[in-house]
Amino acid sequence: MKKKRDASDRTDDLLISLLSENSRASFTELARRLNLSESAVRRRVSNLLSGGRILRFTLEVDDQHLSSAITWVSVNPSVPTGQVSEKIKAVKGVQTVYETAGQFDVAAIVMGANIVEVNRTVEGIRRVEGVIGTNTTMVMRTIR
């Protein structure tokens, strides 16, 4: 049974890889590429969603016309980092929040229509209770 489960895991990994490349691919196209039936692919995607391995499908847009930055955040040790991260995520203009290990506790990806909006977002992060310092790096170019 272990070999069958390992093969199933590899198929799920390949399915996730294909969906990462193009989450709009049809079940028919995925089935063809995986040499499975459409219903098998549909069932696998459903299982990956219900099992929490796939959390959501997202939209990637061309954001080259936007200004963006990475704001590194130091958190007061007396305040739980997770609590601060949730508050940072709620700040308008924050796209993604990472809890990190190293010199900083949190990294926030910030986007805005221009540098003024990015700065407004960074100021909002600085006002979050538990934030004791920030270090912001502007993104010059994104390479995908």
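Read the figures in this text as sums done on the coordinates, not as results from a lab. Everything quoted here is computed from the prediction, not taken from an experiment. Methodologically, a virtual Cβ is constructed for each residue, glycine included, from the backbone with ideal geometry; neighbour enumeration extends over all protein chains shown.
Filtered by the rule that a residue be within 11 Å of Val110 (Cα to Cα), hydroxyl-bearing (Ser, Thr, Tyr) and either surrounded by 13 or more Cβ atoms within 10 Å (Cβ to Cβ) or without any contact (Cβ under 8 Å) to a residue 40 or more places away in the chain (or both), the stretch 123-144 gives a lone residue, Thr136. Do we have Val91 as surrounded by 16 or more Cβ atoms within 10 Å (Cβ to Cβ), touching a helix residue (DSSP H, G or I) at 6+ places or on another chain (Cβ under 9 Å) and hydrophobic (A, V, I, L, M, F, W, C) here? So Val91 passes the test.
Screening Val84 on (1) surrounded by 16 or more Cβ atoms within 10 Å (Cβ to Cβ); (2) under 17 Å from the mean Cα position of the chain (by Cα); (3) β-branched (Val, Ile, Thr) shows it passes everything except condition (2).
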